[in-house]
Amino acid sequence: MSPSDSSESVYESNFIPYINRWGRITSLLAVAFSFGPALTLLAIFDIVPPAGAIVGGFLSVAVTFGLIWFIEPISYYPVLGIPGTYMAFLSGNISNLRLPCAAAAQESADVDAGTPQGSIISTIAIAGSIFVNITILTVGVFALVPVFEALPEFGRNALESYLVPAIFGAIFAQFGRDYPKVAAVGLCIALAMTLLMEFGLLAFLPGVPLYAVIFVSVFGTIYAAKVMWENDMIEPDS
Amino acid sequence: MEWYSNTAVAPAYMDVANSNWLWISATPVVLMVLLQAGLFLRRAWKNGQEMGLSDDQLRSGLKTGVISAIGPAIAVLAAMLALIATIGGPVAWMRLSVIGSVAFELPAAEIGISQLGYGFGDDGITETAFATSVWTMTLGGIGWLLVVAVGTPHMEKARERIVGGRDTLLPIVTSGAMLGAFAYFVSGEITSGAPETGSAAVGGLVMLALLKLADERDVQWIREWALGSAMAVGLVVGMVVHAAAGGGW
């Protein structure tokens, strides 16, 4: 057996089964533990949101991000590999943190992406990036919360009011950069739907009709993007 | 929205949002992320040696991962401030340590409180509205985890079946979905008033300018700090517009 055959078999029959087993266990436990704060609000503080609000909130998020739950793992899988997929989706910050760290580590350890050796190195690098990331977030949150609480009232209110729109604008611009025509159409659709709702013209729908605004915005924009793509009006992402 | 009027006290929900109980309840899931990284690291090291990787290569991989993470991880802190300001420290810490991206958590939080008719920055946001936000972020975030927990071993087959020769369509559908979603969030800000509109518009423009600069000069750290800078400038513009023109519409 040549060295590459044996390393292939260590990877396929030893490493990957371990990763799939513990990746699944840790991810499912994380799902369970992620309910901690919500259940604490319920059990310790007796804060019981109306069921309709929780269902409405979940449905609105599902309409907004539901497709992305599936598309993102499938899109990133070829670059992240199996171990990287478990780690990156549990810890987040994929494009800005995990992928650059994995790529840089493969470069410095002189292994090729897409090989078993490359996958081992990217696993090690992503694990290292997670330790750093969580350490910095933990130190940062303990430093930032007192700073925020010490701010004068108008400062806190300004942070609460005007950071959020800046972030929404910036992320919209970031995605719109590659597809400006899709961005323009999307903004027209979303603004029209929002105004319809503000003026009460969606009142014929049951509940708070936010979900309808989000649904039409998201799927209308996807449809517009698809039509433009079919008619060669947009360049595919390189 | 008149953010300075009638706000002699901080929103009542902030006491709950920054309470010790929430810190305690947020900790186990963060530990789970560390546990997974630790298990994977140990196993990759051991199997890597068996596969003929040298200790030098393994060490170099770990070192590079650690060093490369520092810049982007500090940049994430800037965005964390927005979450601390809206949903408090413990939930911000947990949501950004696990699954965590501001691009999901902030919209999910906003969708949560808007179920009860509020927007962040409004007066009198109730504890119930805050709890609805937490539930919405929690339920929305597990989507990715469940897909990954159940689907990763089958991802290769799923990819072939779904993508099957239409590789260029996938990024377009993703971008269309993100653009539609964020067009909706931006529209909500535009209809809130002039300061919000100014903040969103300038935040977008700063982002575009910095990403263009980063591409032209090929400088990675500009890219990492683009969102943080866009936030800072957008915040100032929001305050200035408010001071100059009031709430607008």
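Below is a table of values for the structure above.
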{"read-out": "All aspartates and glutamates inside 15 Å of residue A:226 as judged from Cα atoms, apart from same-chain residues fewer than 8 positions distant", "value": "A:178, A:235, A:237, B:167"}
{"read-out": "Point-to-point label distance, residue A:147-residue B:212, nm (Cα→Cβ direction, 7 Å offset)", "value": "3.0 nm"}
{"read-out": "For the stretch B:11-164, convex hull volume per residue from C-alpha positions, Å³", "value": "152 Å³"}
{"read-out": "Neighbour-count order for A:76, B:13, fewest beta carbons within 10 angstrom listed first", "value": "A:76, B:13"}
{"read-out": "10 Å Cβ neighbours from other chains, averaged over peptide A:19-29", "value": "6"}
{"read-out": "Label point distance in nm, residue B:154-residue A:48, each placed 7 Å from Cα along Cα→Cβ", "value": "3.8 nm"}
{"read-out": "Residue-count net charge about residue B:227 - beta-carbon cut-off 14 Å; Lys, Arg +1, Asp, Glu -1", "value": "0"}
{"read-out": "Order of A:147, A:216 under a 10 Å beta carbon neighbour criterion, fewest first", "value": "A:147, A:216"}
{"read-out": "Gaussian network model of chain B, Cα within-10 Å springs - most flexible of B:32, B:155, B:14", "value": "B:155"}
{"read-out": "Over the stretch B:73-202, equivalent-ellipsoid semi-axes from the Cα gyration tensor in Å", "value": "30, 19, 14"}
{"read-out": "Proxy reagent accessibility, fewest Cβ within 10 Å first, across B:42, A:98", "value": "B:42, A:98"}
{"read-out": "Space enclosed by the convex hull of the alpha-carbon atoms of the stretch A:156-238, per residue, Å³", "value": "113 Å³"}
{"read-out": "Whole-Hz ³J(HN,Hα) from phi, Karplus 6.51 cos²θ - 1.76 cosθ + 1.60, for the stretch B:215-232, glycine and proline x", "value": "5, 5, 8, 6, 10, 5, 5, 5, 4, 5, 9, 4, 5, x, 5, 4, 5, 4"}
{"read-out": "Within chain B, helix-based [θ] at 222 nm, where runs of 4 or more DSSP H residues each add -39,500 (n - 2.57), nearest 500", "value": "-27000 deg cm²/dmol"}
{"read-out": "Per-selection Kirkwood Rh - chain A (Cα, Å, 1 d.p.)", "value": "22.1 Å"}
{"read-out": "Per-selection metrics, the stretch B:166-249 (Cα): Rg and Dmax in Å", "value": "15.4, 51"}
{"read-out": "Rg over Rh, two decimals, the protein assembly as shown (C-alpha only, Kirkwood Rh)", "value": "0.97"}
{"read-out": "Rg/Rh ratio calculated on Cα atoms of the stretch B:124-194 (Kirkwood radius)", "value": "1.14"}
{"read-out": "Centroid-to-centroid separation of the stretch A:15-83 and the stretch B:170-208 [C-alpha atoms, Å]", "value": "25 Å"}
{"read-out": "Rounded, prolate or oblate (a/c below 1.5 giving rounded, otherwise prolate when a/b exceeds b/c) for the stretch B:22-90 by Cα gyration tensor", "value": "oblate"}
{"read-out": "Taking N as its residue count, the alpha carbon Rg of the stretch A:1-91 over 2.2 N^0.38 Å", "value": "1.58"}
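Bear in mind that the values in this text are calculations on the coordinates, not laboratory data. Nothing here was measured: the structure is a model prediction, and the numbers come from that model. So basically every Cβ, Gly included, is an ideal-geometry build from the backbone, and we count neighbours across all protein chains shown.
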